[in-house]
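Read through the structure below, which is laid out as structure tokens, and then see the notes.
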Amino acid sequence: MIPPPPTALPPNVVAVIVDVRGSTEKITKREFQHALAQAVAAQGRGLAPKPGHGGYGKLKDTAIGELLDSVWIKGQAGEMGLGVTSRQIREERRQLIKLAFKSRADYHRFLVEARYTLRDVRDRVEEQMLSTLIQERAVTGLSGPARQKAFSKFVAEYEQRWRARTVCAPEYVLDRCSNGSGS
């Protein structure tokens, strides 16, 4: 599949990634606004600055980058035949919460402060698990310098492959988009 031109994206779409498990994934402005709120919260800010002011560009790039990572990782895992079950995700999430928080109240306070939903946490845990599986598969059977070389090669090819499949709307372009400055 060939990505559409940036000007052909629907008005509510920030980016499209083609050929993800046989279909096209869309990142919507609503998803972007949610990710932007999380990026703002991660910096300890209350509200997002207006475009063109107070570090908005960096926050925008962080938010879009997080959204692209999610699609790219899930797409790559699918292409490699890797996956995790809902049960595995639940168990990993339970373990992470147990390690990171002293109480359920602390966990819920984190969710509010970070502007995370329970779905966000589930998705992040799944992405981390898939990322680990991808990394392990990329260097299976290798050690030492050969392992590092294979991993570096995999990362470069991964970024090139997924970048070529990604088109961002003009006001949301970053270098990870095929229409970005690294074109």
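Across the stretch 107-130, the number of residues qualifying as touching a residue at least 40 places away in the same chain (Cβ under 8 Å) and surrounded by 15 or more Cβ atoms within 10 Å (Cβ to Cβ) comes to 8.
Picking from residues in the stretch 30-39 that are free of Cβ contacts under 8 Å to residues at least 40 places away in the same chain and in contact with a helix residue (DSSP H, G or I) (Cβ under 9 Å, 6 or more places away or on another chain), the one that is farthest from Arg165 (Cα to Cα) is Ala39. No other residue among Leu82, Leu59, Leu68, Leu133 is touching a strand residue (DSSP E or B) at 6+ places or on another chain (Cβ under 7 Å) and either surrounded by 12 or more Cβ atoms within 10 Å (Cβ to Cβ) or over 19 Å from Glu25 (Cβ atoms) (or both) apart from Leu68. Restricting attention to the stretch 84-124 and to residues that are in contact with a Phe, Trp or Tyr (Cβ under 8 Å, 6 or more places away or on another chain) and not in a helix (DSSP H, G or I), the residue that is nearest to Gly46 (Cα to Cα) turns out to be Tyr116. Listed conditions (1) farther than 28 Å from Pro170 by Cα; (2) outside any helix (DSSP H, G or I); (3) touching a residue at least 24 places away in the same chain (Cβ under 8 Å) are all met by Gly81, apart from (3). Filter the stretch 136-183 down to residues that are small (Gly, Ala, Ser) and farther than 27 Å from Leu36 by Cβ and give me whichever is surrounded by the most Cβ atoms within 10 Å (Cβ to Cβ). Among residues in the stretch 136-183 that are small (Gly, Ala, Ser) and farther than 27 Å from Leu36 by Cβ, the one surrounded by the most Cβ atoms within 10 Å (Cβ to Cβ) is Ala138.
Among the residues that make up the stretch 56-69, is at least one of them without any contact (Cβ under 8 Å) to a residue 40 or more places away in the chain, at positive phi and either among the aliphatic types (A, V, I, L, M) or not in a helix (DSSP H, G or I) (or both)?
Scanning the stretch 56-69 turns up no residue that is without any contact (Cβ under 8 Å) to a residue 40 or more places away in the chain, at positive phi and either among the aliphatic types (A, V, I, L, M) or not in a helix (DSSP H, G or I) (or both).
Restricting Ala146, Ala150 to residues that are over 30 Å from Gln95 (Cβ atoms), over 16 Å from the mean Cα position of the chain (by Cα) and either in a helix (DSSP H, G or I) or of a type in the set (S, T, N, Q) (or both) narrows the list to Ala146. Those residues that are of a type in the set (A, V, I, L, M, F, W, C) and not in a helix (DSSP H, G or I), I need them from the stretch 153-183; list them, please. Matches in the stretch 153-183: Val167, Cys168, Ala169, Val173, Leu174, Cys177. For Thr28, the stated conditions do not hold, so it cannot be described as among the polar types (S, T, N, Q), surrounded by fewer than 19 Cβ atoms within 10 Å (Cβ to Cβ) and at pLDDT below 95.
The values are calculated or read from the model by the stated rules, or taken from the named source; none is laboratory data. Given the structure is predicted, the values throughout are model-derived calculations rather than measurements. When we count neighbours, we look across all protein chains shown, and the Cβ atoms used for this are built from the backbone with ideal geometry, even at glycine.
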